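Peer 1: Input: one structure, supplied below.
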Amino acid sequence: MRIGISGAGSLGLVVGGILTDKGFDVTLIDSEEGSNKSIINERGILVQGYKDDYVKAFCLKPSEIDFKFDYVLSFTKLLQLKNSIEDIRHTFS
């Protein structure tokens, strides 16, 4: 089962880190203008209070996704929701 998490901000990172650590196939989706992708792919995610080490994670920009997700969870701000959905519409199964 492939899970996409749109919104690689604070809440998206917490949920993505925990799901990844539990063994789920998770791809975090940063916005085209976002700057979290390289940091996430290099360091992983540190969820303080959950684990004392970084969880290896994977992040892409919408234009880099060439596969379909079974589920997409959105953690974007309301003002960005419409654009976010349009950016990742091609990834829905």
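The values are calculated or read from the model by the stated rules, or taken from the named source; none is laboratory data. On a predicted model such as this, the values are computed, not experimentally measured, just so you know. Ideal geometry is used to build each Cβ from the backbone, glycine not excepted, and the neighbour counts take in all protein chains shown. Protein only, heavy atoms only, side chains kept; ligands, DNA and RNA dropped before computing areas. Shrake-Rupley method; radii C 1.70, N 1.55, O 1.52, S 1.80 Å.
Peer 1: Could you list, in sequence order, the residues of segment 48-72 that are surrounded by fewer than 16 Cβ atoms within 10 Å (Cβ to Cβ) and closer than 12 Å to Gly17 by Cβ?
Peer 2: Once the filter is applied, which keeps residues that are surrounded by fewer than 16 Cβ atoms within 10 Å (Cβ to Cβ) and closer than 12 Å to Gly17 by Cβ, segment 48-72 yields Gln48, Gly49, Tyr50, Lys51, Asp53, Tyr54, Lys56, Phe58.
Peer 1: Right, Phe75: of a type in the set (Phe, Trp, Tyr) and surrounded by 16 or more Cβ atoms within 10 Å (Cβ to Cβ) or not?
Peer 2: Against the criterion (of a type in the set (Phe, Trp, Tyr) and surrounded by 16 or more Cβ atoms within 10 Å (Cβ to Cβ)), Phe75 qualifies.
Peer 1: If you check Gly12, Gly44, which single one turns out to be of a type in the set (Gly, Ala, Ser), in contact with a Lys or Arg (Cβ under 7 Å, 6 or more places away or on another chain) and open to solvent by less than 40 Å² (accessible area, probe 1.4 Å)?
Peer 2: Gly44
Peer 1: Anything in segment 42-63 that is in contact (Cβ under 8 Å) with a residue 12 or more places away in the chain and either closer than 11 Å to Ser6 by Cα or not hydrophobic (A, V, I, L, M, F, W, C) (or both)? List them, or say none.
Peer 2: Listed by number, the residues that qualify are Gly44, Tyr50, Lys51, Lys56, Cys59, Leu60, Lys61, Pro62, Ser63.
Peer 1: List pairs: first residue in segment 64-84 and under 14 Å from Gly12 (Cβ atoms), second residue hydrophobic (A, V, I, L, M, F, W, C) and assigned to a helix (DSSP H, G or I) anywhere in the structure, Cβ distance under 8 angstrom, at least six positions apart or on different chains.
Peer 2: From segment 64-84, the pairs are Val72/Ile88; Leu73/Val15; Ser74/Leu81; Ser74/Ile85; Phe75/Leu11; Phe75/Val15.
Peer 1: Next question, about the same structure. Taking the criterion of being at pLDDT 95 or above and not in a helix (DSSP H, G or I), would at least one residue in segment 9-23 satisfy it?
Peer 2: Yes, that holds for at least one residue.
Peer 1: Could you run through segment 26-71 and say how many residues are assigned to a loop (DSSP other than H, G, I, E, B) and closer than 21 Å to Phe92 by Cβ?
Peer 2: Selection size over segment 26-71: 11.
Peer 1: Do we have Asn83 as part of a helix (DSSP H, G or I) and open to solvent by less than 70 Å² (accessible area, probe 1.4 Å) here?
Peer 2: When the stated conditions are applied, Asn83 does not pass them.
Peer 1: Scanning for something within 14 Å of Ser84 (Cα to Cα) and in contact with a Pro (Cβ under 8 Å, 6 or more places away or on another chain), does segment 22-29 turn up at least one residue?
Peer 2: Checked against the condition, which is being within 14 Å of Ser84 (Cα to Cα) and in contact with a Pro (Cβ under 8 Å, 6 or more places away or on another chain), segment 22-29 yields at least one hit.
Peer 1: For residues in segment 15-41 being of a type in the set (Ser, Thr, Tyr) and touching a residue at least 12 places away in the same chain (Cβ under 8 Å), which is least open to solvent (accessible area, probe 1.4 Å)?
Peer 2: Thr27
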